[in-house]
Amino acid sequence: MKRARLFVLGVCVSLGGWSVGAHALNAGQVAIIVNTQDPLSVSIGDYYAAQRRILFQNIIKISFTPGHSVMTREEFQRVKESVDSQVQPQVQAYALTWAAPYRVDCMSITTAFAFGFDPEFCAESCRPTRQNPYFNSAARLPYAQMRMRPSMAIAATTLEDAKALIDRGVASDDSRPSGSAYLLSTSDNARNVRVKLYPPAGQVRSDVTRVDVRRIKQDSISNRKDVLFFFIGKEKVDGLETLQFLPGAIADHLTSFGGRLTDSEQMSALRWLEAGTTGSFGAVVEPCNMTEKFPHPAMVMARYLRGETLIEAYWKSVLMPGQGIFIGEPLAAPFRGPPKRASGH
């Protein structure tokens with residue numbers, strides 16, 4: 001990973017005193033994008049639509065040769081035109097249904113679908129890119145207010161993994177889990193730069209849940225059963241098979257190529273989902289270790305805890321998203337509404 005000057009974002013982030021039940025996107029505002037040439041994509045789209053009760057009007061069918069890591073900008077333009085011709089005006093966000101391609105030319109595929117292909121979201125060497133207007137915003141309807149549709153890939157290489165991911169997202173809704181946020185400070189100096197963005201250690205409480213924020217100086221953790229958040233800077237993260245992630249959990253590792261989902265020489269962000277998380281993020285091209293190009297840990301945590309969906313909280317935490325892909329179950333919302341009640345008496 002190339003080094004870049006650390007830039008600590010000048011934003012005010014507080015984990016305490018969130019307002020429960022904040023507005024969040026719903027199933028009627030999300031469109032599923034399916035590649036009809038890819039049987040796995042079709043199956044993921046069908047299952048997600050059924051589990052989230054997304055109507056057929058919000059299922060967008062496109063066609064391109066599957067299996068390639070990178071889509072050319074020319075092919076993307078053709079695909080995007082097809083999407084634009086089918087999308088309903090109420091749609092505010094997209095759910096993609098494949099792990100590859102994860103990139104369009106020099107930018108991530110989730111940013112390309114959000115804004116259209118724009119080389120200003122790309123960068124050579126350690127340079128900043130175009131900024132995300134949705135970052136840390138109060139916008140409730142990103143397309144209606146900002147003319148962009150945040151996108152997230154329901155990324156998996158098997159239907160079994162995709163179904164498990166979707167099921168975790170659905171199970172997390174309104175569950176208000178009490179768990180821990182593990183914020184690791186590692187010996188990997190080049191990748192440990194987000195430590196200055198971590199919130200302070202301690203316990204965050206509301207009337208129905210608590211989150212223990214744990215700042216740990218280690219290269220890994222193991223045998224933890226309460227993982228709700230996990231942020232780290234490492235090329236590869238050990239011990240994932242020993243962890244139990246709560247439904248709705250978010251985790252990512254700051255490294256150069258974690259977003260190369262299917263062919264990275266580093267740990268793919270897919271490993272987080274396969275280990276049981278519901279959302280993750282990774283770089284698809286060399287971003288250098290610029291914190292602006294990765295999720296701001298305190299911000300994604302605060303927004304999620306205030307009731308936003310996974311796609312909203314994650315997208316609003318990355319100032320420069322052009323070189324990173326968002327993966328997971330977009331509508332997961334553990335803290336959106338009142339807690340689920342157990343059946344029976």
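The values are calculated or read from the model by the stated rules, or taken from the named source; none is laboratory data. Note that the structure is predicted; figures quoted are calculated from it, not measured. So basically every Cβ, Gly included, is an ideal-geometry build from the backbone, and we count neighbours across all protein chains shown.
Here the condition is being among the hydrophobic types (A, V, I, L, M, F, W, C) and farther than 28 Å from P128 by Cβ; of A251, A298, A333, it holds for A333 alone. When segment 268-293 is filtered for residues that are under 26 Å from G67 (Cα atoms), buried (at least 23 other Cβ atoms within 10 Å of the Cβ) and either among the acidic types (D, E) or out of contact with any Pro (no Cβ under 7 Å at 6 or more places or on another chain) (or both), the ones remaining, listed by number, are S268, A269, L270, W272, L273, T277, G279, S280, G282, A283, V284, P287. Filtered by the rule that a residue be farther than 24 Å from Q51 by Cα and either of a type in the set (S, T, N, Q) or over 10 Å from the mean Cα position of the chain (by Cα) (or both), segment 319-332 gives L319, M320, P321, G322, Q323.
Condition check for E81 on (1) in contact with a helix residue (DSSP H, G or I) (Cβ under 8 Å, 6 or more places away or on another chain); (2) surrounded by fewer than 23 Cβ atoms within 10 Å (Cβ to Cβ); (3) over 23 Å from V285 (Cα atoms); (4) of a type outside the set (S, T, Y): one failure, at (1).
Of all residues in segment 50-72, exactly one satisfies the criterion of being touching a strand residue (DSSP E or B) at 6+ places or on another chain (Cβ under 6 Å) and polar (S, T, N, Q), namely N58. When we screen D38, D118 for residues that are of a type in the set (D, E), crowded, with 17+ Cβ neighbours inside 10 Å, farther than 23 Å from S172 by Cα and modelled with pLDDT of 95 or more, the only hit is D38. When we screen Y182, Y102 for residues that are in contact with a Gly (Cβ under 9 Å, 6 or more places away or on another chain), buried (at least 17 other Cβ atoms within 10 Å of the Cβ) and closer than 30 Å to I221 by Cβ, the only hit is Y102.
Does E241 satisfy the condition of being surrounded by fewer than 22 Cβ atoms within 10 Å (Cβ to Cβ) and assigned to a helix (DSSP H, G or I)?
yes
On the stretch given as segment 247-267, residues that are buried (at least 23 other Cβ atoms within 10 Å of the Cβ) and either more than 13 Å from the chain's Cα centre (by Cα) or touching a residue at least 60 places away in the same chain (Cβ under 8 Å) (or both) total 10.
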